[in-house]
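Input: a single structure, listed below in structure tokens.
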Amino acid sequence: GEGGGEGGGEGGGEGLFRVPRYFANDLLQRLSPGSLYRDAWPSLFIGPRGSRCSVHVDTFGSHFWMLLFEGEKRWTIFPPEAAPLLRPSYAHGHDPLFSADVHDDAAAEADELLRRAPRWEGVLRAGECLFVPAGAPHAVLNLTHTAAISCNYVDSTNLEQVR
């Protein structure tokens, strides 16, 4: 999911939104009411033009999806096996922090490891939904003011990765 300058919100609003059917088998939603991971998502992301989040992976081995209601977001997503090329640091726990900077064109061009990293880059537009698989480093830049809802989730495809 996104962090940094994005301004995410807490869960809530039960009954106001239906999770897209592709993500309906979220095992976190089967936890007891009041559980941290059940009530933490979905999240509302509202961000101004130019706000961004640096390269990161989503927490505890979870998948991530986002449905964009308004605006445009430029996404850069790396396959999990490219993570070593992004100079990860595990000083703060299980989830790595990355020093690679995809938002600074000059720095990215000068970064030989980052240049070698395979990636998908694209623009998410209003009405579109995006999926980020567990363990995939990613970064986001808001090209316009944006509003989106998102969720980290666990299903049978990433259950073994969850920490």
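The values are calculated or read from the model by the stated rules, or taken from the named source; none is laboratory data. Here the structure is a predicted model, which means the values were calculated and not measured. Note: ideal-geometry Cβ built from the backbone for every residue, glycine included; neighbour counts use all protein chains shown. These accessible areas exclude ligands, DNA and RNA; they are computed on the full protein's heavy atoms, side chains included. Shrake-Rupley method; radii C 1.70, N 1.55, O 1.52, S 1.80 Å.
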Revision key, fill the gap. Amide H proximity to D101 below 5 Å, modelled H, separation 5+ or other chain, gives none
**Study point:** Gaussian network model of the chain, springs between alpha carbon atoms under 10 Å - residue of H138, H56, H92 with greatest fluctuation
**Key:** H92
Exercise for review: Sort 98-107, 73-82 for me by packing, meaning the mean count of neighbouring Cβ atoms within 10 Å per residue, highest on top.
Suggested key: 73-82, 98-107
Practice item. Quick one: among S51, S150, S62, which has the greatest mean-square fluctuation in a GNM of the chain with alpha-carbon springs under 10 angstrom? Key: S51
Revision key, fill the gap. Listed residues N25, N142, N152; largest mean-square fluctuation, Gaussian network over the chain with Cα springs below 10 Å, found at N25
Exercise for review: State to the nearest 20 debye the size of the charge dipole of region 5-163 about its Cα centre, where the only charges are +1 on K and R beta carbons and -1 on D and E beta carbons.
Suggested key: 240 debye
Practice item. Calculate one ³J(HN,Hα) per residue across region 60-71 by plugging θ = phi - 60° into the Karplus curve 6.51 cos²θ - 1.76 cosθ + 1.60, and present them in order as whole Hz with x for glycine and proline. Key: 6, x, 8, 6, 8, 9, 9, 10, 8, 8, 8, x
Review point. In sequence order, what are the phi-derived ³J(HN,Hα) couplings for region 21-34 according to the Karplus relation 6.51 cos²θ - 1.76 cosθ + 1.60 with θ = phi - 60°, rounded to whole Hz, with x for glycine and proline?
Key: 4, 5, 10, 6, 8, 5, 5, 5, 6, 9, 6, 5, x, x
Revision key, fill the gap. With only helices counted (DSSP H, runs n ≥ 4, each -39500 (n - 2.57)), the per-residue ellipticity at 222 nm for the chain, to the nearest 500, works out to -2000 deg cm²/dmol
Revision key, fill the gap. Taking a crude spin-label model, label points 7 Å out from Cα along the C-beta direction, the R49 to N25 distance in nm is 4.2 nm
Study note, to complete from the structure: The answer for the chain, accessible area per residue at 1.4 Å probe in Å², is 54 Å²
Exercise for review: Starting from the amide H of S51, placed 1.01 Å from N in the peptide plane, find each other amide H under 5 Å away whose residue is 5 or more places distant or on another chain.
Suggested key: N142
Point to revise | Positive dipole terminus of the chain, leading residue within L114, T144, W41 (C-beta point charges) | key: W41
